[in-house]
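First comes the structure, then the notes that go with it.
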Amino acid sequence: MTPAVSPTFRVLRLALLTAGAAFMLYPYAWMISASFKPQTEIFSTSFSLIPTHWAAGENYAKAFSRVPMLRILSNGVWVCALILVFQILFALPCAYALAKLRFRGRELLFGLVMLGLLVPIHALSIPLYAVARETGLLDSYTVLVAPFALSAFAIFLFRQFIRALPDDLIAAARLDGLGEGDIVWRIVLPNARPAATAFAVFSVVAHWNDLYWPLITITQPQLATPPLGLLFFRAAEVGDDHGALMAATVVVTLPLVLLFLAAQRTFIDGMTMTGLKG
């Protein structure tokens, strides 16, 4: 039997979680508050999250007029969506082979996948940039998507989930005449929806927030991803209008917040059912 938890412990646990949540959310609350304030009030000595004078309309109007904000958001959506599609397209068959097929060298290949998790993309940025420059791919959507089309983390995450699928399910699909490819896309993928959702959150957040790679490969504002668009916005703001900059930051980060809130339950299920499997 599970031992009873005392009311005092519950109160302390709730207080600790509340304090941690407040600490984590405070910078975001300050950012939203600053986006509603005029420039002179943001760094005033009498600090308050509630503005004395509202300048939300002016700040958000600047956020959408000084740079092509809708185009920047659209670029972020397309780049993240294409990266995610290619990552799942390549990772799911690899993970299925490593989890359910028996062949020589399988454990060695999985070891190489684990080794790939230890190599940060920044370590490969110089050779990748050189290849992109020689092939004329700089300032293109291809250079933003191609280096991330294969994800070692996706292979690992899907492999952990697929290992938990019953072998009888795979055997029954084979008896019904399905090939290995059909099993991957018609049997494994629908059952792997929690893992796919969890990975989608990780992938979209990582590439939506990525500044390093777009910064060295993109120079045209119309191709800018959201973080790079914020840099272009700041460059366009004479004197660093922090209210407008915070408004632009709220606009850029809001899609990620909505994504996580929409996928929260499935994301938690996916992490529970994948990362802890041996």
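Keeping to the stretch 126-146, report how many residues are polar (S, T, N, Q) and touching a helix residue (DSSP H, G or I) at 6+ places or on another chain (Cβ under 7 Å).
Count: 0.
Go through (1) at positive phi; (2) touching a Ser or Thr at 6+ places or on another chain (Cβ under 7 Å) one by one and return the number of the condition V79 breaks.
Evaluating V79 over (1) at positive phi; (2) touching a Ser or Thr at 6+ places or on another chain (Cβ under 7 Å) leaves (1) as the failure.
Can you name the residue in the stretch 36-74 that is buried (at least 20 other Cβ atoms within 10 Å of the Cβ) and outside any helix (DSSP H, G or I) and, of all such residues, is nearest to the chain's Cα centre (by Cα)?
V67
Within the stretch 13-35, take every residue that is exposed (fewer than 10 other Cβ atoms within 10 Å of the Cβ) and of a type outside the set (F, W, Y) and give me the one that is farthest from A247 (Cα to Cα).
So the residue we want is M24.
For the stretch 86-123, give me each residue that is free of Cβ contacts under 8 Å to residues at least 40 places away in the same chain, aliphatic (A, V, I, L, M) and outside any helix (DSSP H, G or I).
L118, V119
Could you tell me whether any residue of the stretch 244-261 is at pLDDT below 85 and either in contact with a Cys (Cβ under 7 Å, 6 or more places away or on another chain) or part of a helix (DSSP H, G or I) (or both)?
yes
The values are calculated or read from the model by the stated rules, or taken from the named source; none is laboratory data. Predicted model, so just to flag it, every value in this text is computed and none were measured. Because the Cβ atoms are built from the backbone with ideal geometry, glycine has one as well, and the counts that use them run over all protein chains shown.
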